[in-house]
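Student: Pasting a structure below so you can have a look.
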Amino acid sequence: MNSGTKLTNETVFKGSMDDVWMATERALAQYPISESNKDAGILKTDYLRGTQCWHSPSKAEKFSAGVRCSLSLQLVRISSRGIRVRIHKSLQVMRDFISEPESLPNDGMEEVHILYRIDRELTIAKEIAANHAH
């Protein structure tokens, strides 16, 4: 990927809120969910410790145990057939027990990865539905 390319943390998916919501839940199956409110369109993960946080495969260095991360997703209907999924990743370092956590820069790769997985889950669900209709 070109280093000048801006990664996006949101995508509009065609489909119903139910379909996009289920695809999003499947895409997040490996994450511990702390909040799931379909009516409000909010999905949040618990904080993961640094050694459990997703890191870009292009980077050899993994996060230390003092780092924590979480994801917050917002699903909003923006048209009759479009649902916008926006992902915010919080990446923080805890220097000690007294100090407030400090935000760390995020490369945006995990968000792109999750949006891709949501798209794939939607494609798979459509193919299954089409095969059952025959």
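The values are calculated or read from the model by the stated rules, or taken from the named source; none is laboratory data. These numbers were taken from a predicted model, which means no experiment stands behind them. Note: ideal-geometry Cβ built from the backbone for every residue, glycine included; neighbour counts use all protein chains shown.
Student: Return the residues of segment 104-119 that are within 20 Å of Tyr31 (Cβ to Cβ) and not β-branched (Val, Ile, Thr); say none if nothing qualifies. First the steps, then the outcome.
Tutor: Our first condition is that a residue be within 20 Å of Tyr31 (Cβ to Cβ); within segment 104-119, this holds for 104, 106-119.
Answer for segment 104-119, where residues must be within 20 Å of Tyr31 (Cβ to Cβ) and not β-branched (Val, Ile, Thr): Leu104, Asn106, Asp107, Gly108, Met109, Glu110, Glu111, His113, Leu115, Tyr116, Arg117, Asp119.
Student: Still on this structure, I have one more. Being within 17 Å of the chain's Cα centre (by Cα), surrounded by 14 or more Cβ atoms within 10 Å (Cβ to Cβ) and not acidic (Asp, Glu) is the filter here; which residues of segment 96-107 pass it?
Tutor: So the first thing to find is which residues in segment 96-107 are within 17 Å of the chain's Cα centre (by Cα), and the list is 105-107.
Next, only the ones that are surrounded by 14 or more Cβ atoms within 10 Å (Cβ to Cβ) stay: 106-107.
Result: Asn106, single match.
Student: From the set of residues in segment 22-33 that are outside any helix (DSSP H, G or I) and touching a residue at least 24 places away in the same chain (Cβ under 8 Å), which is surrounded by the most Cβ atoms within 10 Å (Cβ to Cβ)? If you could, list the steps in order and put the result at the bottom.
Tutor: Going through segment 22-33, the residues outside any helix (DSSP H, G or I) turn out to be 28-33.
Narrowing further to those that are touching a residue at least 24 places away in the same chain (Cβ under 8 Å): 28, 31.
Numbers: Leu28: 20, Tyr31: 17.
Filtering first and then ranking leaves Leu28.
Here is a yes/no grid of residues against (1) surrounded by fewer than 11 Cβ atoms within 10 Å (Cβ to Cβ); (2) modelled with pLDDT of 95 or more:
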position: Leu48; (1), (2): no, no
position: Trp54; (1), (2): no, no
position: Ser58; (1), (2): yes, no
position: Leu73; (1), (2): no, yes
position: Val76; (1), (2): no, yes
position: Gly82; (1), (2): no, no
position: Met94; (1), (2): no, no
position: Met109; (1), (2): no, no
position: Arg120; (1), (2): no, yes
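Student: Can you say whether Leu91 is touching a helix residue (DSSP H, G or I) at 6+ places or on another chain (Cβ under 7 Å) and aliphatic (A, V, I, L, M), as far as the supplied structure shows?
Tutor: Values: touching a helix residue (DSSP H, G or I) at 6+ places or on another chain (Cβ under 7 Å): no; aliphatic (A, V, I, L, M): yes.
The answer is no for Leu91.
Student: Just checking, which of Ile124, Ile83 is assigned to a helix (DSSP H, G or I) and either touching a residue at least 40 places away in the same chain (Cβ under 8 Å) or within 16 Å of Met22 (Cα to Cα) (or both)?
Tutor: Numbers: Ile83 fails: assigned to a helix (DSSP H, G or I).
Sole residue among the options that is assigned to a helix (DSSP H, G or I) and either touching a residue at least 40 places away in the same chain (Cβ under 8 Å) or within 16 Å of Met22 (Cα to Cα) (or both): Ile124.
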